[in-house]
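**Student:** Below is one structure. I have some questions about it.
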Amino acid sequence: MTTSEDYVDAGEAIDQGNLSGKMPGGEIAPPVTAAVTYERILNARNEPHNWLTYYGAYDGQRYSPLDQINTENVKRLVPAWVFQAGTTGLIAGASTYSFEAAPIVVDGIMFLTGWDGWIWALDAKTGVEIWRYKHAVPFDVSLCCGNVNRGCAVAQGKVFFVTANARLIALDATNGKMVWAKTYGDVRAGESATVAPLIVKNMVIVGSSGGEFGVRGHLDAFDLESGEHQWRCYMVPKPGEPGSETWPADGEAWARGGANCWVTSTFDPETNLLYVGTGNPAPDFDGEVREGDNLYTDSIVAVDADSGQIRWHHQCTPHDLWDYDSIAENILFEKDGRKLLGHFDKNGYFYVVDRTDGELVSVTPFVDRITWGAVTRDGRVTAKLYPEKEGEPVHFYPGPAGAKEWTHASYSPKTEFFYVPVQDTGATATRRRREFKESIPYWGAGVQVDAEDMAGSISAFDGNGEEKWRWRNELPMCASTLATGGDLVFAGEATGEFNALDARSGELLWQFQCGSGHHSNPTTYTVEGRQYIAVPVGWGGWAEGFLPGMLGAGHGSALFVFALPEPA
Amino acid sequence: MTTAPERTDLLKELGLDVQNHATLGRVLGTGKIGRASEGSDGRMQATIRINEDELMWDPSILVMPHGGDIDLELVNDDKNTHCALLPSNGDRKFIWLVNHSRGRATLNLDGPGYYWYSSPTGNDEGRGLTGAIVVLGDAPPEARLDRPDQPQP
Ligand SMILES: [Cu+2]
């Protein structure tokens, strides 16, 4: 026997980040976000050297006026630096992670989220890590669509992000230390969080994930200073609330109805409305247990930013039987003096809506193969093929990942074109009724996505829904596009190529193989007058849904940053 | 096939719960279970050991009654060097544990679920030095869904 005095004192466990090769004292970022206010985010396009908010600006255009990199010189683009996010030890949901963030940049400092509760502050010029924060995420959290996170928000000295176990966390942006944390979802009910927060006025706006687990989707607002809850907006009405007549009167279908807001809203300060896309109804494919249109699932919903009240909605796929979430971005633009929004839906149609009152302006298909049903120009929906009979397989286009998944289209006010990443893939669904149990996936079908006979493209559309050009690819395009003032469209491929296309013709001008598939949001910024293009690369997530033929591809976990060579 | 109560006996009989018998190392999840103790202020405490030649954490499943702060004492009674990488909000905690040493770690875990901890040196994790910290409890009432109670599995 030994006594305790015989033991060597191993001391106190330290933060693992202290062992990451950083220079002592180098872990403090300059207070660049201290002066980031609502006013500055409103006018984000006036400071194009920064990428201040998830889409670059409230309008969701994913457009930067920066034009140092242009159609003439883009062929000389080279990597400036690479940040490798690879990690030690076991991670939560190791088989399903994917790198999906939109890097935020403020005055030379980059804020970047990874999967599994990671967030980093990096020197945007050199890629050197300044600080990191890791939230402990339970290994057994319910993740319907992979261990992913889409980014952070910054304002008034803080950086905000969500974690898979449904926490909204505010960190001090200079040192990565927690200021406050709020739980806004119930992990035991299958709720989780993946959204990039949006700052509006004095609020942080976030939405919930978990629609495949039969939850009740919601949007929440918190005070950005104190973390105090401001409002919650449920997207499935309770009995008696407006829209509840579109759910069965008896039973509890509404309580399990889905309609999650798991992608960041856009915002118009003039209408004071948040434009939110909502997810699929649950169960996804078995519609018999939820007769009716199932509002506000699969809808574009306008929510008053101050009260959290729904002002109007347009439902893209009433009584959805194909998992066609309408979570996609609503891009704000103007045409002939009219305030509009453009929305590329998973169901294969491009919607243009008057954003002041929700009036439908036009609907046009943006993918070649649509067999599930038809939507006329005036928005009338006729379902044609759906999993109706128990046990009987039905094949339809597009599959449940949609003609475009959550990844975003962009819009250039210069060319007045939308640039949409298109997935042309079908699937077979076989209805299988199941009883609802909290925290257990609630699909109502067996689903097999086609692993062959697929295609993709970056397609350019004008505001009338007319296709202007198409850059074709053998595989679906599964990453957000970025449009720039240099008349370029950046678009990553599932097989790892990062492409620059001519925004006016669709001609491929430059390509770089990043070694892993793209499923993220490239952004652009300048430091000391040099323009950079940043893109997180890491294939994975719900690959069985959008590209099962690439389930065996390497995951990767790197942020690539490109620039023109510095003059000699 | 076995029933749950027979599982421990069969693991033992087949040599799946020790080093270098049926398998080269210990099959994960075959270790002991322990409960953290709780002080009057809600702060929790537990001791985790590495016993000689077992290449496993004891307990390999540590249960916390709720989310919060826990003070761990980590004891390496083995005659080899190991380490511990532990989940905690802010950053994961790391400590070297040379043979016959004892150290401490303070963790913050904020909610229900299980979290891995391990010794990421050599292939300690594959040999059996992989454990779980289980946090009991629910989401706070204000974060739950406004709906009637639902059936659970
Ligand atoms: Cu869905």
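**Student:** So which strands (runs of 3 or more DSSP E) are wholly in region A:314-402 and hold at least 1 residues that are closer than 29 Å to A:Asp59 by Cα?
**Tutor:** Correct list: A:331-335, A:338-344, A:349-354, A:360-365, A:373-375, A:381-383.
**Student:** When you scan region A:121-130, do you find a residue that is open to solvent by less than 10 Å² (accessible area, probe 1.4 Å), touching an Asp or Glu at 6+ places or on another chain (Cβ under 9 Å) and away from every other protein chain (no Cβ under 14 Å), even just one?
**Tutor:** Checking region A:121-130: at least one residue is open to solvent by less than 10 Å² (accessible area, probe 1.4 Å), touching an Asp or Glu at 6+ places or on another chain (Cβ under 9 Å) and away from every other protein chain (no Cβ under 14 Å).
**Student:** Would you check if A:Gly176 is at the interface with chain B (Cβ under 9 Å from one of its Cβ atoms), open to solvent by less than 10 Å² (accessible area, probe 1.4 Å) and of a type outside the set (A, V, I, L, M)?
**Tutor:** So A:Gly176 fits the description; yes.
**Student:** So, one more: Looking only at region A:257-279, which residues are within 14 Å of the ligand (Cβ to nearest atom) and either in a loop (DSSP other than H, G, I, E, B) or within 14 Å of another protein chain (Cβ to nearest Cβ) (or both)?
**Tutor:** The answer is A:Gly257, A:Gly258, A:Ala259, A:Asn260, A:Cys261, A:Trp262, A:Val263, A:Thr278, A:Gly279.
**Student:** Picking from A:Val204, A:Val148, which residue would you name as being outside any loop (DSSP other than H, G, I, E, B) and aliphatic (A, V, I, L, M)?
**Tutor:** Only one candidate passes the filter, namely A:Val204.
**Student:** OK, next. State whether the residues of region A:113-127 include one that is within 21 Å of the chain's Cα centre (by Cα), closer than 18 Å to A:Tyr532 by Cβ, touching a residue at least 60 places away in the same chain (Cβ under 8 Å) and more than 16 Å from the ligand (Cβ to nearest atom).
**Tutor:** yes
**Student:** If you go through region A:10-28, how many residues are assigned to a loop (DSSP other than H, G, I, E, B) and modelled with pLDDT under 95?
**Tutor:** Total meeting the criteria: 9.
**Student:** Looking at region A:220-256, which of the residues that are open to solvent by less than 20 Å² (accessible area, probe 1.4 Å) and within 16 Å of the ligand (Cβ to nearest atom) is farthest from the other protein chains (Cβ to nearest Cβ)?
**Tutor:** Only one residue tops the list, namely A:Met235.
**Student:** Can you find even one residue in region A:151-165 that is under 22 Å from the mean Cα position of the chain (by Cα), of a type outside the set (Phe, Trp, Tyr), more than 14 Å from every other protein chain (Cβ to nearest Cβ) and assigned to a loop (DSSP other than H, G, I, E, B)?
**Tutor:** Yes, because at least one residue in region A:151-165 is under 22 Å from the mean Cα position of the chain (by Cα), of a type outside the set (Phe, Trp, Tyr), more than 14 Å from every other protein chain (Cβ to nearest Cβ) and assigned to a loop (DSSP other than H, G, I, E, B).
**Student:** Check whether at least one residue in region A:280-293 is within 16 Å of the ligand (Cβ to nearest atom), under 24 Å from the mean Cα position of the chain (by Cα), within 14 Å of chain B (Cβ to nearest Cβ) and not in a strand (DSSP E or B), and report yes or no.
**Tutor:** yes
**Student:** Could you list, in sequence order, all residues of region A:529-568 that are part of a loop (DSSP other than H, G, I, E, B), more than 20 Å from A:Leu475 (Cα to Cα) and under 20 Å from the mean Cα position of the chain (by Cα)?
**Tutor:** A:Ser557 - this is the single residue of region A:529-568 that is part of a loop (DSSP other than H, G, I, E, B), more than 20 Å from A:Leu475 (Cα to Cα) and under 20 Å from the mean Cα position of the chain (by Cα).
**Student:** Scan region A:544-556 residue by residue and report those that are out of contact with any strand residue (DSSP E or B) (no Cβ under 7 Å at 6 or more places or on another chain) and in contact (Cβ under 8 Å) with a residue 12 or more places away in the chain.
**Tutor:** Across region A:544-556, the qualifying residues are A:Leu547, A:Gly549, A:Met550, A:Ala553, A:Gly554, A:His555.
The values are calculated or read from the model by the stated rules, or taken from the named source; none is laboratory data. Note that the structure is a prediction, hence the values are computed from the model and not measured. With ideal geometry, Cβ positions are generated from the backbone for all residues, glycine too; neighbour counts draw on all protein chains shown. Side chains included, ligands, DNA and RNA excluded: accessible areas come from the protein's heavy atoms. Shrake-Rupley method; radii C 1.70, N 1.55, O 1.52, S 1.80 Å.
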